[in-house]
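The values are calculated or read from the model by the stated rules, or taken from the named source; none is laboratory data. For clarity, every value in this text was computed on a predicted model and none was experimentally measured. Cβ placement follows ideal geometry from the backbone for every residue including glycine, while neighbour counts extend to all protein chains displayed. Heads up: the accessible areas ignore ligands, DNA and RNA and are worked out on the full protein's heavy atoms, side chains in. Shrake-Rupley method; radii C 1.70, N 1.55, O 1.52, S 1.80 Å.
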Amino acid sequence: MNLDKLLATGDRCIHKEPPTCTANCPVHLEIIDFLAEIEQGNFQNAYKLMEKKMPFHKILGRICDHPCEAPCERSKAGGSIRISDLEKAVLEYGAYKPKKVWPLPKNKGTVAVIGGGLSGLTAAVDLDKKGCVVTIYEKTNRLGGRLWDFVGDSLTEEVLLQELKAVADKKMPIHFETTVDKNKLSELLATYDAVYLGTAAWEEEIKWNPLTFQANESALFVGGSLVNQSDSVIFSASSGRRAAISIERFLSKVSLTDSREREGAFETPLHFDISGKEPLAPILKSAAIYSQDEAMAEAKRCVKCQCRKCIEGCVHLRKFEMSPDAYIRQINHSERIILGTHYANKMINSCAECGLCKEECFLNISMSDVIHETRESMVERGKMPASAHDFALKDMAFSNSSRFSLVRKQPSKEESKDLFYYPLISFSDYVKGLYKGTGKTAYLFYPGCQLPASYPDDIKSIYEYLVGHVQGDVGIYLGCCGAPADWGGQQALMQENIEAIKRVWEEMERPTFILACSSCMRIFEKYLPEIKLESLWDIYVREGLPNKDHIKTPQTLSIHDACGTRENSDLHESVRKIVAKLGYGIEELEYTKEKTKCCGYGGLVYYANREQSNAFVSERIGESENDLLVYCAMCKDLFVSGGKRTYHLLDLIYPKADGEAATRKMPTLSERHDNRSRVKQILLKEIWREEPEETMMEDQFKLIIPDDVKQKIEDRYILSEDIQAVLKNAEENNERFCNPETGEYLARLRRDNVTFWVKYEKEENDYILKSVYSHRMEIVEE
Amino acid sequence: MKHESTDQTAWRCDKCQQELELTKVKVKYMEGNFEVDLPKCPSCHQVFIDEALALGKMKEVEEGLEDK
């Protein structure tokens, strides 16, 4: 994994970027924090923030020309926050006596400050604090310069005098009524280690560096009105402060330019989308200064601009309270440590890899891709926890084994000739399709593994429909596309699976694949771009629906698009057309189509972190009062398990007589295996009229399973074949423990990398299960 | 990994009809190897792991090793 590239991606994230107000404030008052304190009525804390960042805050807070207000995002929704008025209120309600500061030893060097106005005083006070010996030269007989022009209702003479007295109290020598001209300046430069020039005007043009305020690479630094384009007081103060930083560096003989990119006002890369916020007009002042309540109400209007688009949409990022930049730092740490605990593993395996983060990001940062790449790296380095994806990978192996996998061409005309008789040939589209058979497979129906597991009875109907409706022969291919390997970061296994699919495709002379599962769709698009794809749902729209007039109770449904289809807008439209054609109303969810959410199965989070998966489920099902309509078997499974009435598109197209489609509990993990095997059997027997070579795995022991144990079996990812195997070993070899007090048996069997335990009671031929559990740790029995 | 069980005393090996004895047993997972006192049949060496141990301490250790 390229960690430099990873960190660069993290640096692009604008989550931590400052809001426009702070970026436009030349002294970077932390305005969001400032307003948050006011909102809480903590005026003293707000005052502390002003004191920290604003030179002469008691003066500037009253006369600041507030460049922060115009760009305020709130201006687009009611009006900018009145930050300037709030500063005045904070000075009124939050001011406290300044803390005594112990001066540093004055050993940094000597500095002459020319001009006793705002910028000069700012530079002088800052340098004095940094340990310089400062001398002020002022041409008039008082300090303050143009600050005196601001004296009025807001900045009273009393306050100004008080603040200027505080400067005088610092005991810096001040030379009043001393005019500094060119000659005097040369003299000062010869006498002092550095000179700050903060006069309103100068007799000749001075070239200065806009980053450091240094003139002619000399010991002269400039600021105030000389360098400011405007008469902004806050810019003036900021220039004095920045020049003081340069002078300190100059005296310490360190780089003047390092890490100073964001001094003064700058353009923040932050984007903030305020469109979702309700407009709120500014709170009006009932007197010259906001009352405390008014100030709190005004501060409350602040939307606290921060880019949280991806976090807001994602249960996973919210659960771990992670922004992409922070997440990436964690991954970087996890990738770099060799010995030690990889605390981020659980988090990395709790992402649904659904891609909504990228969709929501102004900068197209895809945490889904970053996390995916991390999982691949973890697998490569042997750091992927085995338990996270083991069950899903075994499930994939099952689907690609002879117990489910199947490839067949459409039954030939020769094989089907006994069907070509009247009236069948006239009325059955399927038989007509067989009659038109050419022997060349134009299409291969690939229903995936989860759809046959959830809808075993419909696969044959869909196949017959396809033979009867699409132009050209339709073959069938049962198997797993490899989505679990992809999600689990198992690239080697994934490539192997892709090669196997590709071989079938080549052997079948490159047919178009008809897909019904959105995960298959994503996998084929990602790994097999050379294969032409059609979605089953697109075909229904084009060729017409199979069953007519079967609407029972038309209702309004909310469509939950499968995250695997995020970028497939044609498919979204097809699904909506089908739903509308069937007579249902549609109410779109807020997060829909390309902005859909994950149901909680994606990325195998269902196996790696069930609690996180449940959070995905409960958030999504809470987003609509309507019944949901999905077109992915796992979405249906999870939503129904979460207690939400949910239809799969197939429930509507091939309705079952019981009318319980929206609440029907989906098959258990073991039943899913059995269903897949059953689909293979049904197809072989009824379409190809072959006697299946393998019979279904018959259960050897008759189990009685109480409901609580059934739930444990599911939650612990234990298959009934595991239980049967344990019992078989226990019964045949007597390898078990017995409890004479309760009459119970406890037996274990190691299968592959897991030891399964079954506690049971025998009653004649019934095996009553008491509990089942497993562990991965191996016990050496010797 | 200490084993505390509530009901193991009543259990016995069904194959050998022997009482279980607390014995040092080797357990391993990933790159971790430990010795733990566990109830074991002295004759056929079957080791008894109850549910609380498998889903409690054992799982905790497994998870710890998986994150190493």
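In the condition set (1) within 53 Å of the chain's Cα centre (by Cα); (2) at pLDDT below 95; (3) open to solvent by 60 Å² or more (accessible area, probe 1.4 Å); (4) of a type outside the set (Gly, Ala, Ser), A:Phe150 is compliant with all but (2).
Please tell me if A:Asn753 is at the interface with chain B (Cβ under 10 Å from one of its Cβ atoms), within 42 Å of the chain's Cα centre (by Cα), modelled with pLDDT under 95 and open to solvent by 10 Å² or more (accessible area, probe 1.4 Å).
On the way: at the interface with chain B (Cβ under 10 Å from one of its Cβ atoms): yes; within 42 Å of the chain's Cα centre (by Cα): yes; modelled with pLDDT under 95: yes; open to solvent by 10 Å² or more (accessible area, probe 1.4 Å): yes.
Spelling it out, A:Asn753 is indeed at the interface with chain B (Cβ under 10 Å from one of its Cβ atoms), within 42 Å of the chain's Cα centre (by Cα), modelled with pLDDT under 95 and open to solvent by 10 Å² or more (accessible area, probe 1.4 Å).
Residues that are free of Cβ contacts under 8 Å to residues at least 12 places away in the same chain and on the phi < 0 side of the Ramachandran plot, at least 3 per element: which helices (runs of 4 or more DSSP H) completely within region A:453-522 meet that?
Working: elements: A:459-469, A:483-487, A:491-507.
Filter on region A:453-522 gives A:491-507.
Listed by position, the helices (runs of 4 or more DSSP H) inside region A:296-342 whose residues that are within 14 Å of chain B (Cβ to nearest Cβ) and at pLDDT below 95 number at least 1 are A:324-336. Across region A:268-288, the qualifying residues are those that are surrounded by 10 or more Cβ atoms within 10 Å (Cβ to Cβ) and among the charged types (D, E, K, R), and the one among them that is nearest to A:Ile83 (Cα to Cα) is A:Lys285. All conditions in (1) open to solvent by less than 30 Å² (accessible area, probe 1.4 Å); (2) out of contact with any Leu (no Cβ under 8 Å at 6 or more places or on another chain); (3) over 30 Å from A:Asp11 (Cα atoms); (4) not polar (S, T, N, Q) hold for A:Ala243, with the sole exception of (3).
Any idea how many residues of region A:355-396 are closer than 24 Å to A:Cys314 by Cα and touching a Pro at 6+ places or on another chain (Cβ under 6 Å)? Count: 3.
If you filter region A:1-44 down to residues that are part of a helix (DSSP H, G or I) and open to solvent by 60 Å² or more (accessible area, probe 1.4 Å), you find that the one that is farthest from A:Asp126 (Cα to Cα) is A:Lys5.
Among the residues here, A:Pro511 does not qualify as modelled with pLDDT of 95 or more and under 35 Å from the mean Cα position of the chain (by Cα). How about region A:395-433: which of its residues are of a type in the set (Lys, Arg) and open to solvent by 60 Å² or more (accessible area, probe 1.4 Å)? Listed by number, the residues that qualify are A:Arg408, A:Lys409, A:Lys413, A:Lys417, A:Lys432. Candidates in region A:730-742 are the residues that are open to solvent by less than 40 Å² (accessible area, probe 1.4 Å) and not in a strand (DSSP E or B); of these, the one that is nearest to the other protein chains (Cβ to nearest Cβ) is A:Arg736.
Suppose the filter is assigned to a strand (DSSP E or B) and open to solvent by less than 10 Å² (accessible area, probe 1.4 Å); does A:Gly448 pass it? Show your work before the answer.
Values: assigned to a strand (DSSP E or B): no; open to solvent by less than 10 Å² (accessible area, probe 1.4 Å): yes.
Criteria not met by A:Gly448.
Report yes if A:Ala392 is within 28 Å of the chain's Cα centre (by Cα) and surrounded by fewer than 19 Cβ atoms within 10 Å (Cβ to Cβ), otherwise no. When the stated conditions are applied, A:Ala392 does not pass them.
Being over 30 Å from A:Ala46 (Cα atoms) and either crowded, with 20+ Cβ neighbours inside 10 Å or not charged (D, E, K, R) (or both): is that true of A:Val101 here? Walk me through how you get there before you give the answer.
Details: over 30 Å from A:Ala46 (Cα atoms): no; either crowded, with 20+ Cβ neighbours inside 10 Å or not charged (D, E, K, R) (or both): yes.
Taking the combined requirement at face value, the residue does not satisfy it.
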